[in-house]
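What follows is one structure encoded as structure tokens, with my remarks underneath.
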Amino acid sequence: MSPPVQPVVSDEKLPPAAEIVVIGAGIAGSTAAYWLAKRGHRVALLDKGVIGGEQSSRNWGWCRQQHRDLRELPLAMKSLEFWGELSRELGAETGFRRTGLTYVTDRPDDFAQWEEWTLKAREYQMHSRVLSPAEATELTPGSTGQWIGGVHSPTDGRAEPSLAGPALAEGARKLGATLHQNCAARGLDIEGGKVAGVITEHGIVRTRTVLLAGGAWSSLFCRRHDLRLAQASVRSTSFATVAAPEVTGGGLSMPDVTIRRRLDGGYTVGLGGRGLVELSPQGLLYARQFWPTFRKRRAGLTFGIGRSFLEGPESFANWSFDLESPFERQRTLDPAADPVLVERGLTRLGDHYPALKGLKVAHAWGGLIDSTPDGIPVISAVDPLPGLFLSTGYTGHGFGIGPGAGRLAADLIAGDPPIVDPAPFRYSRMIDGTDLGAPGMM
């Protein structure tokens with residue numbers, strides 16, 4: 001059962017030409033379209049399904065700087081600045097609240113990593129507070145946990161994934177962008193080795209600049225044009241509860257379970273580090289690049305063989321641009337929630353908070369997290385194909401940095417000074433392997 005998403009009405013006609021075409025209307029694509037339209041560029045935003053229908057509405061809704069990979073931290077800090085202003089700027093509810101985020105643990109290894117990260121983050125003027133056992137207990141009233149400590153970031157917050165992406169897309173339209181749902185981009189029209197247009201199921205849009213923000217589908221799209229993009233997908237499970245007593249006003253991470261307060265009075269519940277990896281042709285293609293990540297994360301992963309081998313974003317599909325594409329055959333990735341993980345999440349939540357024991361599930365859903373080998377996204381021009389830019393590979397933490405990521409993509413496309421150093425996010429690292437290691441703390 002997919003989570004509900006604020007509906008958006010598409011524009012009636014696909015334009016014959018646009019200055020910039022954005023493929024994929026998740027949080028990455030919608031924010032980029034918003035920033036580009038805000039600067040006066042003519043933008044067409046396309047999605048094969050509905051705006052925010054895949055991972056952008058299936059995440060936990062955390063907007064955090066805390067525990068980011070340090071290469072990503074400056075972008076996360078900029079994003080929190082933007083989150084604080086977006087609802088006012090857009091004139092629409094994104095659900096953002098600067099409620100703070102808290103991590104507590106009874107595991108010495110976790111606490112040691114958090115202490116180390118907190119010290120390093122101070123070099124970026126990011127100040128989280130390391131919690132003593134007494135302070136961790138004070139910040140989790142009603143919990144039975146025997147916490148040895150934790151960390152707290154008062155400037156972090158939460159937002160509503162079902163609202164934020166659609167609000168940004170509508171904000172882009174108010175500034176002149178056009179929105180086109182159920183409009184799959186089948187591929188690129190290329191002339192003289194450069195982008196000349198986007199071939200969609202409804203016709204060609206002439207353009208010299210394209211941003212591909214296709215999430216888990218990005219690598220498949222790139223392969224059709226002989227471009228390598230190392231991505232792997234992990235199937236996750238989350239769920240929302242019915243309205244429940246408030247044990248935290250923001251986000252709280254405990255061993256084995258994570259919660260985020262929702263505007264409707266319930267919680268979004270997730271299980272950190274848990275997921276399913278299906279054997280697939282794409283997975284085999286990039287297995288070597290992902291080996292260090294696999295070794296680090298293997299304890300929380302299960303493996304299997306399913307539909308991914310023959311269809312979906314990780315298959316070895318090929319198609320003609322004048323015929324139905326894989327993007328039309330599967331409009332929305334909507335994997336089922338794993339009932340075992342849902343039950344485990346409820347059990348652990350009740351173990352930690354007796355007041356939440358027996359809590360009912362309002363709805364549960366699965367998602368497909370698009371990951372890169374080093375755990376940080378690609379936000380970059382694609383040098384082998386002038387005119388193509390990427391914003392993808394967010395590894396399960398793109399929602400929180402979405403506003404900053406969209407701004408960085410817009411800066412690069414427009415040739416404006418970037419808000420942060422773009423070097424860590426360059427596409428070339430996918431090819432030459434420089435600085436491509438296992439993910440740091442995320």
Length added when fully stretched, Lys13-Asp421, from 0.36 nm per residue minus Cα-Cα: 143.1 nm
Phi to ³J(HN,Hα) by Karplus 6.51 cos²θ - 1.76 cosθ + 1.60 over the stretch 330-337, Hz, x for Gly, Pro: 9, 4, 9, 6, 9, x, 6, 5
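With all protein chains present, how much of the accessible area of the chain (probe radius 1.4 Å) comes from carbon and sulfur, to the nearest whole percent? Before the final figure, lay out the partial values.
On the way: 9430 of 17520 Å².
Percent of accessible area from carbon and sulfur atoms in the chain: 54.
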Computed magnitude of the charge dipole of the stretch 15-99 (debye, nearest 20; Cβ of K, R +1, Cβ of D, E -1): 140
Potential lengthening between His225 and Leu119 on full extension [0.36 nm per residue; Cα-Cα distance subtracted]: 33.8 nm
Charge dipole of the stretch 67-136 about the Cα centre (unit charges at C-beta), most positive-ward option of Leu131, Leu90, Gly100: Leu90
Percent antiparallel among DSSP beta bridges (both partners in the chain, rounded to 5): 70
Listed values [x] 26, 55, 18, 1; [y] 14, 19, 13, 8, 7, 8, 12, 11, 6, 2, 0; [z] 27, 60, 13, 0, entry calculated as P(r) over Cα pairs in 20 Å bins from 0, in percent: [z]
log₁₀ of I(q)/I(0) at q = 0.13, 0.16, 0.21 Å⁻¹ - the stretch 202-277, Debye sum with one point per alpha carbon: -0.66, -0.76, -0.93
Spacing of the two label points (7 Å from each Cα toward its C-beta) at Ala112 and Leu301, in nm: 2.4
Rounded to whole Hz, the Karplus (6.51, -1.76, 1.60) HN-Hα couplings of the stretch 261-274, x for glycine and proline: 5, 9, 5, 7, x, x, 10, 8, 10, x, 10, x, x, 9
Per-residue SASA entry for Asp226, accessible area with 1.4 Å probe, Å² rounded to 10: 140
The stretch 22-40 versus the stretch 89-119: alpha-carbon centroid distance in Å: 27
Lys174 - accessible surface, heavy atoms, 1.4 Å probe, Å² rounded to 10: 150
Dipole magnitude of the stretch 55-150 about its Cα centre (Cβ charges: Lys, Arg +1; Asp, Glu -1), debye to nearest 20: 260
Only Lys, Arg (+1) and Asp, Glu (-1) charged, at Cβ; the chain dipole about Cα centre in debye: 60
Accessible-area ranking of Arg39, Arg98, Arg407, Arg288, largest first, probe 1.4 Å: Arg288, Arg98, Arg39, Arg407
Solvent-accessible ranking of Glu54, Glu123, largest area first, probe 1.4 Å: Glu123, Glu54
Probe 1.4 Å, accessible area per residue of the chain, Å²: 40
Separation of alpha-carbon centers, the stretch 416-432 and the stretch 282-337, rounded to whole Å: 25
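The values are calculated or read from the model by the stated rules, or taken from the named source; none is laboratory data. Values in this document were obtained by computation on a predicted structure and should not be read as measured data. For neighbour counting, all protein chains shown are included, and Cβ atoms are generated from backbone atoms with ideal geometry for every residue, glycine included. Calculation scope for accessible area: heavy atoms of the full protein, side chains included, ligands and nucleic acids excluded. Shrake-Rupley method; radii C 1.70, N 1.55, O 1.52, S 1.80 Å.
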